[in-house]
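**Q** Following this message is one structure expressed as C-alpha cells.
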Amino acid sequence: MLRNAWRVVVGLALAALAGGAGAQDFPKRPITIVVPFAAGGPTDTVARLVAQAMTADLQQPVLVENVAGSGGTVGAARVASAPADGYTLLLHHIGLASAPSLYRKLPFDPQRDFAPIGLVTEVPMMIVARKDFPAQDARDLVAYVKGNRDKVALAHAGLGSASHLCGMLFMTALGTELTTVPYQGTGPAMDDLVAKEVDLLCDQTTNTSAPIRAGKIRVYAVTVPERIPSLPKVPTLREAGMEGADVAVWHGLYAPAGTPAAVVGRLATALQVALADRTVEARFARLGGTPVAAAQATPEALAARLRQQIELWRPIIREAGVYAD
Ligand code: MLT
C-alpha cells in the first residue's frame with residue numbers, strides 16, 4: 001500500500017506541475033478504455049494489462065470496453081465523439097495510422113480528433129497456421145502458398161487491422177492474393193485457427209504465444225528483424241528469405257481532442273507509472289511485447305509516431321491497391 005501511496009503523491013505532484021488546473025480532482029469516477037476489437041485478442045490483452053496497473057495509480061477503476069467493427073474504426077469513432085473529459089479513452093495501434101489511407105469516408109481524423117496520451121508497447125507479429133497445415137517451415141510455406149493460393153484462407157481482424165496489414169504485406173511479398181476471412185478481432189480468429197476452420201493468420205505475439213506453447217497452432221516466423229527472446233526457436237521472415245514483410249505493432253493511448261492538458265498530463269503520468277511496474281513488464285515480456293520507456297509514454301512521442309506512421313503506410317497501401325470502402 002505504501003508503494004501505491006507513493007505513486008499517488010508522485011502522480012499528483014507531476015500533474016500539478018503540468019499546469020494542473022482541473023487535474024487535482026481528476027479522476028473522480030471510473031475511466032473506460034475502449035478497445036476497438038473483440039475481447040480476447042492482442043489489443044484487449046494490452047488494454048487490460050495497462051488498465052489494471054493504471055487503476056492503482058489513479059485510485060479509480062480503469063475499465064475496458066470492447067467496441068469492435070470495421071478494422072477498429074467503429075471503436076475509434078466512438079472515442080473521437082466522446083466527451084473530452086478524460087473518462088473515455090482509446091487504446092489503439094498501427095491501425096489508426098493506416099485508416100486514413102484505407103477508408104475514403106473515415107468518420108474521424110486521427111490527428112485532429114484525438115488527444116494523444118502516450119505510446120504503450122511494441123509487439124512483434126508472427127505468421128501462424130492451423131496445427132495440421134501442410135507446410136513444414138517458412139520456406140515450405142512460401143512454396144505451398146504460391147502453389148495453392150486458391151486453397152488457403154487467411155484470417156484477419158478487418159481491413160486496416162494489424163493482422164490485415166501484416167497479411168497484406170505477406171501477400172505482396174509472395175506476389176499472390178489469398179482468400180481472406182475478416183473477424184471482429186484476432187481473438188475469435190485464433191479460436192477458428194485452433195479449430196482448423198481457417199488456415200493462416202498473422203497476429204501479435206500477445207495472442208500467439210499461448211497457443212504456440214500449448215501446441216495448438218503451427219508457427220512459421222516472426223515479422224521483425226531479430227528473433228524474440230520469449231520464443232527464440234521461431235525464425236524471422238528474413239531467415240526464410242522473405243524481405244519487405246517486416247511489421248511490429250505499436251500501441252497508443254488516446255483521449256478525445258479537447259481534453260484539458262492537465263487531465264491528459266495526469267493520464268500520461270498514470271500510464272508511465274503503469275509501464276514501469278515490474279509485474280506489467282514481466283507479463284509483457286512473457287508475451288513477446290515491450291512496454292515503452294517513460295520518455296515515449298508522452299503526448300509528444302505518440303503524436304510524432306502517429307504522424308510518421310500515417311506517412312509510412314500511405315504509399316504501401318496505395319501500392320497494394322487496397323481500399324476498405
Ligand atoms: C489487429 O489489428 O489484428 C488486432 O490486434 C486484432 C485484435 O486486437 O483483436
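The values are calculated or read from the model by the stated rules, or taken from the named source; none is laboratory data. Because the structure is predicted, anything quoted here is derived from the model rather than measured. With ideal geometry, Cβ positions are generated from the backbone for all residues, glycine too; neighbour counts draw on all protein chains shown. We work out accessible area using only protein heavy atoms, side chains counted, and drop any ligands, DNA or RNA first. Shrake-Rupley method; radii C 1.70, N 1.55, O 1.52, S 1.80 Å.
**Q** Could you identify the single residue in VAL62, VAL35, VAL46, VAL50 that is near the ligand (Cβ under 9 Å from one of its atoms), closer than 19 Å to GLN272 by Cβ and modelled with pLDDT of 95 or more? If you could, list the steps in order and put the result at the bottom.
**A** On the way: VAL62 fails: near the ligand (Cβ under 9 Å from one of its atoms); VAL35 fails: closer than 19 Å to GLN272 by Cβ; VAL50 fails: near the ligand (Cβ under 9 Å from one of its atoms).
Answer to the selection: VAL46.
**Q** Please go through the range 65-81 and give me each residue that is within 14 Å of the ligand (Cβ to nearest atom) and either in a helix (DSSP H, G or I) or in contact with a Cys (Cβ under 7 Å, 6 or more places away or on another chain) (or both), ordered by number.
**A** Result: SER70, GLY71, GLY72, THR73, VAL74, GLY75, ALA76.
**Q** Follow-up question, since we're still on this one. What do you reckon, is PHE108 within 23 Å of GLU197 (Cβ to Cβ), out of contact with any Gly (no Cβ under 9 Å at 6 or more places or on another chain), more than 16 Å from the ligand (Cβ to nearest atom) and in a loop (DSSP other than H, G, I, E, B)?
**A** On the way: within 23 Å of GLU197 (Cβ to Cβ): no; out of contact with any Gly (no Cβ under 9 Å at 6 or more places or on another chain): yes; more than 16 Å from the ligand (Cβ to nearest atom): yes; in a loop (DSSP other than H, G, I, E, B): yes.
No.
**Q** Moving on to the next point. I'd like to verify a number: residues in the range 143-153 that are in a helix (DSSP H, G or I) and open to solvent by less than 30 Å² (accessible area, probe 1.4 Å), how many? Please lay out each step first, then the result.
**A** In the first step, residues of the range 143-153 are kept if they are in a helix (DSSP H, G or I); the result is 143-147, 149-151.
Narrowing the set further to residues that are open to solvent by less than 30 Å² (accessible area, probe 1.4 Å) leaves 145.
Here the count works out to 1.
**Q** Let me ask another. Those residues that are in contact with a Pro (Cβ under 9 Å, 6 or more places away or on another chain), more than 11 Å from the ligand (Cβ to nearest atom) and open to solvent by 10 Å² or more (accessible area, probe 1.4 Å), I need them from the range 157-211; list them, please.
**A** VAL194
**Q** Regarding the range 220-229, can at least one residue be identified that is surrounded by 22 or more Cβ atoms within 10 Å (Cβ to Cβ), within 16 Å of the ligand (Cβ to nearest atom), touching a residue at least 60 places away in the same chain (Cβ under 8 Å) and under 26 Å from GLN136 (Cα atoms)?
**A** Yes, the range 220-229 has at least one match.
**Q** Return the total of residues in the range 302-324 being open to solvent by 60 Å² or more (accessible area, probe 1.4 Å) and either in contact (Cβ under 8 Å) with a residue 40 or more places away in the chain or of a type in the set (Phe, Trp, Tyr) (or both).
**A** Qualifying residue count, the range 302-324: 6.
**Q** Going through the range 234-264 one residue at a time, which ones are within 16 Å of the ligand (Cβ to nearest atom) and farther than 16 Å from SER98 by Cβ?
**A** LEU253
**Q** Would you confirm whether or not the range 110-124 contains a residue that is among the aliphatic types (A, V, I, L, M), open to solvent by less than 20 Å² (accessible area, probe 1.4 Å) and closer than 19 Å to ALA189 by Cα?
**A** Of the residues in the range 110-124, the ones among the aliphatic types (A, V, I, L, M) are 115, 117, 119-120, 123.
Still in the running and open to solvent by less than 20 Å² (accessible area, probe 1.4 Å): 115, 117, 119-120, 123.
Next, from what is left, pick out any that are closer than 19 Å to ALA189 by Cα: 123.
Looking for residues that are among the aliphatic types (A, V, I, L, M), open to solvent by less than 20 Å² (accessible area, probe 1.4 Å) and closer than 19 Å to ALA189 by Cα, one finds at least one in the range 110-124, hence yes.
**Q** Still on this structure, please answer the following. Any residue in the range 238-250 that is in a loop (DSSP other than H, G, I, E, B) sitting within a Cβ distance under 7 Å of a residue that is of a type in the set (D, E, K, R)? List the pairs, counting only those 6 or more apart or interchain.
**A** Listed pairs, sorted by first residue: ALA240/ARG139; GLY241/ARG139.
**Q** Could you list all residues from the range 234-279 that are open to solvent by 40 Å² or more (accessible area, probe 1.4 Å), more than 18 Å from ALA304 (Cα to Cα) and either in contact with a Cys (Cβ under 9 Å, 6 or more places away or on another chain) or among the hydrophobic types (A, V, I, L, M, F, W, C) (or both)?
**A** ALA276, the sole residue that qualifies.
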